[in-house]
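Each remark here refers to the structure printed beneath this line.
The values are calculated or read from the model by the stated rules, or taken from the named source; none is laboratory data. This is a predicted model, so every value here is computed, not measured. Here Cβ is always computed from backbone atoms with ideal geometry, including for glycine, and neighbour counts include all displayed protein chains.
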């Protein structure tokens with residue numbers, strides 16, 4: 001059964017079917033620019049998808065057929081980001097959105113087409129896997145606007161792009177092509193524009209068919225290694241050890257013996 005929900009008066013949409021979640025930044029008239037209300041809604045939507053709708057994987061994408069996201073809605077900056085005090089409040093909601101993607105207990109796939117700038121680029125960088133169409137363009141224009149990118153989100157650029165490309169992106173503000181980001185390892189795959197949705201769906205469905213506890217343990221272990229977090233690594237080890245007592249492990253062994261596809265329940 002397909003489930004759906006909307007947030008931020010419909011500008012953030014969430015869908016889930018057969019364990020595959022879809023989170024849509026839906027503001028195509030403004031190149032899917034993210035308003036303050038949308039930033040606040042992203043963590044809510046991600047929580048709803050995995051905790052209530054039962055998503056085992058989430059695909060993050062932009063509404064319409066042209067762009068992923070132009071980033072934060074600059075038209076709000078005069079009121080909501082006009083000095084250090086208001087900027088701190090605004091950037092806290094940015095950081096919570098990036099963290100919700102990064103720390104989601106299920107894998108998050110960013111499917112990128114067209115413009116992927118600023119905060120949109122940050123959301124993609126926080127995802128676990130990234131696919132892009134060959135026409136996608138990426139940039140962090142903060143330096144060209146006279147502001148600094150949120151420091152706690154820079155880590156995602158460094159991890160995804162590598163040290164040199166992250167510096168290039170942040171220092172120059174210049175746009176980079178999908179082919180460049182495929183070459184540096186930021187993207188796991190580059191597709192033709194008309195194939196992006198299909199390729200993202202195939203990847204998501206493949207992940208959703210696997211054991212949820214295994215996915216959770218793997219994502220946590222990967223984060224622990226990247227962030228050099230000993231406590232997180234220990235938590236991943238505990239979850240990993242619990243899989244050997246799970247119903248899904250028994251189902252996996254049985255299905256292998258019976259030469260059929262396993263049906264995992266997350267228990």
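Can residue 49 be described as touching a strand residue (DSSP E or B) at 6+ places or on another chain (Cβ under 6 Å), in a helix (DSSP H, G or I) and in contact (Cβ under 8 Å) with a residue 12 or more places away in the chain?
Numbers: touching a strand residue (DSSP E or B) at 6+ places or on another chain (Cβ under 6 Å): yes; in a helix (DSSP H, G or I): yes; in contact (Cβ under 8 Å) with a residue 12 or more places away in the chain: yes.
So residue 49 fits the description; yes.
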**OP:** Find the residue count for the stretch 244-267, including only residues that are touching a residue at least 12 places away in the same chain (Cβ under 8 Å) and surrounded by fewer than 16 Cβ atoms within 10 Å (Cβ to Cβ).
**Re:** 6
**OP:** Scan (1) surrounded by 15 or more Cβ atoms within 10 Å (Cβ to Cβ); (2) assigned to a helix (DSSP H, G or I); (3) under 18 Å from the mean Cα position of the chain (by Cα) for the single condition residue 130 breaks and write down its number.
**Re:** (2)
Original post:
Residues in the stretch 94-105: is at least one over 16 Å from residue 39 (Cα atoms) and touching a residue at least 24 places away in the same chain (Cβ under 8 Å)?
Top reply: yes
**OP:** Answer yes or no: is there a residue in the stretch 94-115 that is assigned by TED's automatic domain parsing to the domain that holds residue 19, at pLDDT below 95 and buried (at least 20 other Cβ atoms within 10 Å of the Cβ).
**Re:** yes
Original post:
Restricting to the stretch 55-90, what's the tally of residues that are part of a helix (DSSP H, G or I) and either closer than 23 Å to residue 130 by Cβ or touching a strand residue (DSSP E or B) at 6+ places or on another chain (Cβ under 9 Å) (or both)?
Top reply: 1
Original post:
residue 217: closer than 18 Å to residue 51 by Cα, modelled with pLDDT under 95 and either touching a strand residue (DSSP E or B) at 6+ places or on another chain (Cβ under 7 Å) or not assigned by TED's automatic domain parsing to the domain that holds residue 176 (or both), yes or no?
Top reply: yes
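Hey, does the stretch 224-231 have a residue that's surrounded by 16 or more Cβ atoms within 10 Å (Cβ to Cβ), in contact with a helix residue (DSSP H, G or I) (Cβ under 8 Å, 6 or more places away or on another chain) and modelled with pLDDT under 95? Steps first, answer last, please.
Initially, the stretch 224-231 is screened for residues surrounded by 16 or more Cβ atoms within 10 Å (Cβ to Cβ), giving 224.
Those left that are additionally in contact with a helix residue (DSSP H, G or I) (Cβ under 8 Å, 6 or more places away or on another chain): 224.
Now drop any that are not modelled with pLDDT under 95, which leaves 224.
Yes, that holds for at least one residue.
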